[in-house]
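Data first, discussion second: the structure below is written as structure tokens.
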Amino acid sequence: MKIRSGLEELDRLPVKTGAAAVDTTAAAAAAVARVAPIEPVVVLFSIVGVKALYHEQLEVALKSVMMSSAMGTRPLEIHFMTDTAAAGRVRTLLNTSGLVGSVWPCQVTLTVHDVEPLQGRWREILQKTVNIPDMKEMYHEGHSIGTYFRLFAHEALGSRGHAIYIDLDAVAIVDLYEMFRLKDPRKMIQWGGGTFPLERCAGVMMVNLGLIHKFISYSDSWHLYPEFRKEYPRDHDTDQFSDQKMIKMVEWKHPETIGLLPREWWIAHLGSGGWARDIATPPQHPGFLHFNGGGRHKSKSVFTDPGHTFIQPECKLTKDKKGNAVATLTPPKTGWREAGHYASMPWHWAMYAGEARAHSEGVRHQVRHHMMQHTTAVP
């Protein structure tokens, strides 16, 4: 389909003089506006290493983003921040799946950012600002240095615009533009609303690429964790450090820097051995399904393990002696099975759906792919 340029439309406008010339100028501006570039929806994943379960989860999460957000005409950029080992594995996935070069109704660009050369400096920054001598204390329950990549996303993606960060153990249910349009230029991070701090989770969040570089400057908040624990003793985070805890404490002491998203953009459910909340009933308006604790699995993806709540969502909630929520899983009587849908769908089915939509829309865009090796930060 040929798209007419604004200049071509301008050529067809009648030449006017005097007061009527103002109308010509307005019409020209309108013609150019009609063909102005559309802002793409930007999505970010991070992954390190070659552990199979993480790459299985990434594949399902990626498929959910394509099926939910690549069916319209708004451009979609998907970025992967990785170390060198993971970069090769992700590239293999993108090529062997047939995704690169496949046809969709919108322009999809996949970019793999190998940021391993930058990790040493990032570790030093975190170690210095958090004041933890052993960085291993910051990696727990499946978290690795990769979970902190989002705090340095501007160094890979550039310092303009926003990106939707998605954990590997999450699936998108609806078009992510509906979340992307909620971006607030005044906030460094936007994440799930609800009761503070219990209903805060960094598994799905909006990152302001123009402001996130300031996050480290709020490290004064992190040293107040003992006071935070006294004020919020029932907060589910453990005593081990994490970037999620860091964001909570920045919101606690500097609430003007952190924004909240509507509840549908953070639907968290039972993780493997983790905490739970109102998960027995499927939500009415889910934007995401996120299973906290997907990284705790030792060998199975949360999307394919038949004992996990993505496959068996029914549960009974009780409390232990300390008052913590405990969930007992039972075989599903009714189910959402959205994750199972994405996990079991072959890539060629997904791509056929994309090509069929492209045909019906009358536009054809091939998925593009870039590999980037970062030795210095993007300006």
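The values are calculated or read from the model by the stated rules, or taken from the named source; none is laboratory data. Not measured: the values here are computed from a predicted model. Neighbour counts run over all protein chains shown; Cβ positions are idealised from the backbone, glycine included. Areas reflect the complete protein model, heavy atoms only, side chains present, ligands, DNA and RNA absent. Shrake-Rupley method; radii C 1.70, N 1.55, O 1.52, S 1.80 Å.
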| task | For the stretch 141-261, with all protein chains present and a 1.4 Å probe, just round the carbon and sulfur fraction of the accessible area to a whole percent. | result | 50 percent
| request: Please turn the phi angles of the stretch 47-56 into ³J(HN,Hα) values with the Karplus equation 6.51 cos²θ - 1.76 cosθ + 1.60 (θ = phi - 60°), one per residue in order, whole Hz, x for glycine and proline. | output: 7, 10, x, 10, 4, 4, 5, 5, 6, 5
| request: With the convex hull built on the Cα atoms of the stretch 194-259, state its orientation-averaged projected area in nm². | output: 4.5 nm²
| remark: Note, the stretch 80-92: 3J(HN,Hα) by Karplus (6.51, -1.76, 1.60, θ = phi - 60°), whole Hz, Gly/Pro = x, goes 10, 8, 9, 8, 5, 4, 5, 4, x, 5, 5, 4, 4
| note | Sorting Pro105, Gly193, Ile145 by the position of each Cα along the dipole of the stretch 58-197 (Lys, Arg +1; Asp, Glu -1; all at Cβ), the one nearest the positive end of that ordering is Pro105
| query | Tell me, what HN-Hα J-couplings in whole Hz come from the Karplus equation 6.51 cos²θ - 1.76 cosθ + 1.60 at θ = phi - 60° for each residue of the stretch 345-357, using x for Gly and Pro? | reply | 5, x, 4, 5, 5, 4, 6, 5, 4, x, 5, 4, 5
| field | Environment charge at Val103 (Cβ cut-off 14 Å; Lys +1, Arg +1, Asp -1, Glu -1) | value | +1
| request: Please list, in chain and number order, the residues 5+ apart from Leu44 or on another chain whose amide H is under 5 Å from its amide H, with Hs placed from the backbone. | output: His79, Ile164, Tyr165, Ile166
